[in-house]
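Here the structure is laid out as structure tokens; the discussion comes afterwards.
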Amino acid sequence: MEEIYSGLLRALELIAAVDPQVVEITLRSIFISLSSAFLAGIICIPLGGIIEFRQFWGKRALINLIQTFYSLPTVTVGLLVFLLISRSGPLGGLNLLFSPSGMIFGQAILVSPIMIGLTITALAGVSPQIRDTAKSLGATEMQIIITVIKEARVAVMAAVLLGFGRALSEVGVAMMIGGNIRGYTRVLTTSIALETSMGNLELSMALGIILISISLAINLLLNRFQGR
Amino acid sequence: MALLEVRSLSKSIGPAKILEGIDLTVERGEILGLIGPTGSGKTTLLRLINLLDEPSTGCILFDGRMVFGKPEKELLCARRKMAMVFQKPVMFKASVETNVSYGLRMRGRVDATGGEMSMSDMVEEALAAVGLSGYESRDANTLSGGETQRIALARALILQPELLLLDEPTANLDPGSAASIDNLLQRLAGSRTAVILATHNMQQCRKLAGRVAVLQAGRLMAVGKSEEITLPW
């Protein structure tokens, strides 16, 4: 207990002192996770719209599959992305392995099912009358999708924030694709794993507190968006 | 040539026949009353005419052209010559101005070009026509039922449609709001816009419509001048 208490105090000191290493890791974490959420968002939100609005064979099964992938183990995604971007993989020529870009790509894949699924749920919640109104006022199919996404913007934004939260807190993709290279691909979660294994509990705790604080901030933002 | 020609139009949902063998024409500039009790198929007919749903059988000619079974681009082109005001209109989560100008923006109208009126001037004019001048910046979702109905009408009128479809526009309104909408429709009579006014109020039909079509249980029972029609119920 004593060790935890003193570790916690030291961790708070590190945060209060604005330790450069802690700041650098935190900023990189936020940058990579935000980028992956943004990348996933620009692909998954329109894709969710198309799945919701189009009628096609196997739609229900596809939505079930997407929802199943919500809890996809991060190491499985890490392995899949590793196979894709490793030197002998189909995207090997892009040199994404062990780079922040590779981590962004991997995390974007990881959060895609959540974003697509929650976008579908959000759009399904918009009154069908909105679609009819837009259609009767002369909107094209794409304009109708954009209108409905705008109507569901709070819930769609929540999907993006949840995606960001999942990207920020995952460790599998970050470790397997980023490689935890100091000053280059080291992020909060991989640092916590490394520092704990090395016995640097104070630094681990400091990073853990920051991670929880960011998660709390995301939650507060979500609640604000949802008007709670 | 009639603006709208409906031929042998039927609509079924599962085993239920909602509309059966409807034949109807609407001339340019006329106001046609579509009268029938609740559940007679008025809304379904308006939705079919507005190309929101597809009929089970039959066809619609708009401006002399067959519209169903055509590519979406042609349907859109026909739909953009019409506007519909629903019985319980919904507003987009935006200001009144954004709502009223929605159809113009969807048509790619950015703002005034050459000698055209600016979009904000058009919104102002449409709002004035429905008696809601100065409402531009109001949140459209905080309006009363009567105001919402009038904004929906302004949203349709701004498009200067060739055919305006009104689904019981005064059904849920207080007498004052209903009278102001009736006055507006009276002003529309004789303009280039044809109107189909679905209602269950014969008095309103006699006041506004030149002709009346009587719909009952999905069938067209009679079409004629409003003063000549007697209701079967």
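Can you give the charge dipole size of the protein assembly as shown about its Cα centre, rounded to the nearest 20 debye, using +1 on the beta carbon of Lys and Arg and -1 on the beta carbon of Asp and Glu? Present the calculation step by step, with values, prior to reporting the outcome.
Working: 42 positive and 38 negative charges, 206 e Å.
About 980 debye.
Using only the alpha-carbon atoms, what does region A:31-187 span along each of its principal axes? Please give whole angstrom values in decreasing order.
In descending order, the Cα extents are 56, 31, 27 Å.
GNM, chain B, Cα, under 10 Å: largest mean-square fluctuation among B:Ala152, B:Ala171, B:Ala126?
Its mean-square fluctuation being the largest, the pick is B:Ala171.
Given the convex hull over the Cα atoms of region A:97-197, what projected area results after averaging over all orientations, in nm²?
If you wrap the Cα atoms of region A:97-197 in a convex hull and average its projections, you get 7.6 nm².
Please report the antiparallel percentage of the DSSP beta bridges confined to the protein assembly as shown, to the nearest 5.
Close to 55 percent.
With +1 on the Cβ of every Lys and Arg and -1 on the Cβ of every Asp and Glu, and nothing else charged, how large is the dipole of region A:31-187 about its Cα centre, in debye rounded to the nearest 20?
In total the dipole reaches around 140 debye.
What ranking do A:Phe31, B:Phe62, A:Phe225 get, fewest neighbouring Cβ atoms within 10 angstrom at the top? Mind showing how you got there, number by number?
Values: A:Phe31 13, B:Phe62 23, A:Phe225 16.
Ordered by Cβ neighbours within 10 Å, fewest first: A:Phe31, A:Phe225, B:Phe62.
Largest first and in whole Å, give the semi-axes of region B:88-233's equivalent ellipsoid, each being the square root of 5 times a Cα gyration tensor eigenvalue.
30, 17, 13
Given the C-alpha centroids of region A:126-156 and region A:162-197, what is the distance between them in whole angstrom?
A separation of 38 Å, based on Cα centres.
Given R₀ = 60 Å, FRET efficiency for A:Leu34-B:Glu227 by Cβ-Cβ distance, to 0.05?
Approximately 0.30, to the nearest 0.05.
Give me the dipole magnitude in Debye, nearest 20, for chain B about the Cα centre, with unit charges on the beta carbon: positive for Lys and Arg, negative for Asp and Glu.
500 debye
A short reminder: the numbers here are calculations on the coordinates, not readings from a lab. From a predicted model like this one, the values you see are computed outputs, not experimental measurements. Glycine also receives a Cβ, built like all others from the backbone with ideal geometry; neighbour counts cover every protein chain displayed.
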